[in-house]
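J.: Handing you a structure now.
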Amino acid sequence: MELAGVALPDTTPGGSFKRAACLAAEAEAQGALLIEKLKLTIKKLRHEQFGQSSERRALLEQLELKLAKVEETAAQARAFADHVAAYPAAMK
């Protein structure tokens, strides 16, 4: 399985559920940090936007697109983490 271009470990029976869950949680935390960073940068750029060049507006638009993509990836990481967490329980 692959998530955001990163190959994830084997989670079949006998695979490393704990490692997969750890990687998923780490990806989720990194995604959340990046989302907050992008939101702060966008907020600062919006504050400075009045009277700025079109280059600033273009940068703002690019950051907003990147934020949307990162939020989508973070949602995928959360879904994967939930799946990994639920899988051992389903095996009982």
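Please treat every number below as a calculation from the coordinates, not as lab data. As the structure is a computational prediction, the values presented were derived from the model and not from experiment. Ideal geometry is used to build each Cβ from the backbone, glycine not excepted, and the neighbour counts take in all protein chains shown.
J.: Tally Lys and Arg at +1 and Asp and Glu at -1 over the other residues with C-beta under 11 Å from the C-beta of ALA81: what net charge comes out?
T.: Once all neighbours under 11 Å are counted, the net charge is -2.
J.: Another question, if that's okay. Please give the length that would be gained between ASP82 and THR41 if that part of the chain were fully extended, namely 0.36 nm times their separation in residues minus their C-alpha to C-alpha distance (nm, one decimal).
T.: 11.8 nm
J.: Something else: Tabulate in residue order the Karplus-calculated ³J(HN,Hα) for segment 24-34, using 6.51 cos²θ - 1.76 cosθ + 1.60 with θ = phi - 60°, rounded to whole Hz; enter x for Gly and Pro.
T.: Computed from phi, the couplings for segment 24-34 are 5, 5, 5, 4, 5, 5, 5, x, 5, 5, 5 Hz.
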